[in-house]
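Everything below concerns the one structure shown next.
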Amino acid sequence: MSKVKIKLIILGQLPVDVDKIKLTKWKSVVFELVGQIDNYTITNNADGLSWEFSDDNIENQLPNSFEGDFLVAMTHVPLEDNYYARQFTNNRICMTFYEMADILNLSNIPIENLVYGLLYYYSLIYKRSGNRIPSRYEVTTYTHDETRGCLFDMNGIKSDVVYSTNKPIICDSCVQGLTTERVPVNIINKVKEELKHIKKGIYYRLADLIKKYPIWTLVLSTISALIIGTTGSLLATILWEKLLK
Ligand SMILES: [Zn+2]
């Protein structure tokens, strides 16, 4: 199966820090990013009652021609119906960090993880839909409302995104759906392995471990302190005796 080619762009100013180099360096068996991450300005103001940008408004600001199979625009403005990703005509998608960055920061999850997850999600959707991104008006059964930590979680409650942006999985029913729609099993298995690398930084992984096993951490740190203390006093004794001689 050939890799899906994705054009990633930034739409408007991003007040959050997104590591563009980290994003472009990500390697996957199912997709590749083409070219550099270009910046496009937002030329209109919000047109929604709650300062959101309507679908028509965003659609008018997305580039129509681009390199690659589909386009993903990253923005920080609120989207219609408070979704964090919307699909548009001509294989274009817009995702927003609005509220999402705060949710992820609270759980110490890198915000790039949200982008990686969506790149995998839309690559698999693209493949299972016959090499196209379905319009948002099409009724599809790709997502499930139950939060399972799966790439295909609906995340209707936006804060649930923390479960699918730290070591996301593809749950059994989604694997079945993908295989039925002719996505090769070997590709699914490789993607499942790659998803394990979408995780928190080492410091926060250790902090989580300490939180999960507080007693064991205490026991281990006590043993370590005793070993270090004993070794230190032994060394001091040996050195002292050598010096006296
Ligand atoms: Zn699933």
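List the extent of the Cα atoms of the chain along each of their three principal axes, largest first, rounded to whole Å.
Principal axes ranked by extent give 86, 43, 34 Å for the Cα atoms.
Classify region 77-213 as rounded, prolate or oblate from the Cα gyration tensor: take a ≥ b ≥ c as the square roots of its eigenvalues, call it rounded if a/c is under 1.5, otherwise prolate when a/b beats b/c and oblate if not. Write out the running numbers ahead of the final one.
Working: a/c = 2.09, a/b = 1.29, b/c = 1.62.
Cα axes put region 77-213 in the oblate bin.
For the chain, which whole percent of the accessible surface, found with a 1.4 angstrom probe, sits on carbon and sulfur atoms? Each step should come with its number before you reach the end.
Working: 7960 of 14100 Å².
C and S atoms contribute 56 percent here.
For region 1-62, what does the alpha-carbon gyration tensor say about shape, rounded, prolate or oblate, given a ≥ b ≥ c as the root eigenvalues, a/c under 1.5 as rounded, and a/b over b/c as prolate? Mind showing how you got there, number by number?
Numbers: a/c = 2.81, a/b = 1.93, b/c = 1.46.
Prolate, because a/c is 1.5 or more and a/b exceeds b/c.
How far apart, in nanometres, would the label points at residue 24 and residue 222 be if each is projected 7 angstrom from Cα along the Cα-to-Cβ direction?
Taking the simple label geometry, residue 24 and residue 222 are separated by 5.2 nm.
Simple spin-label model, 7 Å along Cα-to-Cβ: residue 82 to residue 189 in nm?
So the label points at residue 82 and residue 189 sit 4.3 nm apart.
Could you size up the charge dipole of the chain around its Cα centre, putting +1 on the beta carbon of Lys and Arg and -1 on that of Asp and Glu, and report it in debye to the nearest 20?
On the way: 27 positive and 27 negative charges, 291 e Å.
Computed charge dipole of the chain: roughly 1400 debye.
For residue 31, enumerate residues with amide H under 5 Å from its amide H, sequence gap 5+ or separate chain, H modeled in the peptide plane.
It is 4, by chain and number.
Send over a whole-number figure in Å² for the accessible area per residue of region 107-245, probe 1.4 Å.
Details: 8630 Å² over 139 residues.
Roughly 62 Å² per residue, with all protein chains present.
Please enumerate, by chain and number, the aspartates and glutamates with C-alpha under 15 Å from the C-alpha of residue 20, excluding those fewer than 8 residues away in the same chain.
Hits, sequence-local ones excluded: 32, 38, 112.
Distance between Cα centroids, region 174-232 to region 53-89: provide it in whole Å.
What the calculation gives is 34 Å, centre to centre.
5 Å is the cut-off here: which amide hydrogens, built 1.01 Å from N in the peptide plane, fall below it relative to residue 11, excluding neighbours closer than 5 in sequence?
It is 40, 74, 75, by chain and number.
Show me, for region 74-86, the HN-Hα J-couplings you get by feeding each phi into the Karplus relation (A = 6.51, B = -1.76, C = 1.60, θ = phi - 60°), rounded to Hz, glycine and proline as x.
So the J values, rounded to whole Hz, are 9, 9, 10, 8, x, 9, 4, 6, 6, 6, 9, 8, 10.
With contacts defined as alpha carbon pairs under 8 Å and 6 or more residues apart, what's the relative contact order of the chain in percent?
Result for the chain is 16 percent.
Do any of 127/167; 22/211; 158/199 go past 26 Å between their Cα atoms, and which? Present the calculation step by step, with values, prior to reporting the outcome.
Details: 127/167 22 Å; 22/211 28 Å; 158/199 18 Å.
Long pairs (Cα-Cα over 26 Å): 22/211.
Quick check: from the Cα gyration tensor, does region 173-245 come out rounded (a/c under 1.5), prolate or oblate? Spell out each step's value before the answer.
Numbers: a/c = 5.93, a/b = 3.43, b/c = 1.73.
Since a/c reaches 1.5 and a/b is larger than b/c, the shape of region 173-245 is classed as prolate.
I'd like to know which of 101, 51, 168 lies farthest towards the positive end of the charge dipole of the chain, counting +1 on Cβ of Lys and Arg and -1 on Cβ of Asp and Glu.
168
The values are calculated or read from the model by the stated rules, or taken from the named source; none is laboratory data. Just so you know, these numbers come straight off a predicted model, no measurement behind them. Counting neighbours? That spans all protein chains shown, and the Cβs are built from the backbone with ideal geometry, glycine included. For the accessible areas, the whole protein counts, side chains as well, though only heavy atoms, and no ligand, DNA or RNA atoms are used. Shrake-Rupley method; radii C 1.70, N 1.55, O 1.52, S 1.80 Å.
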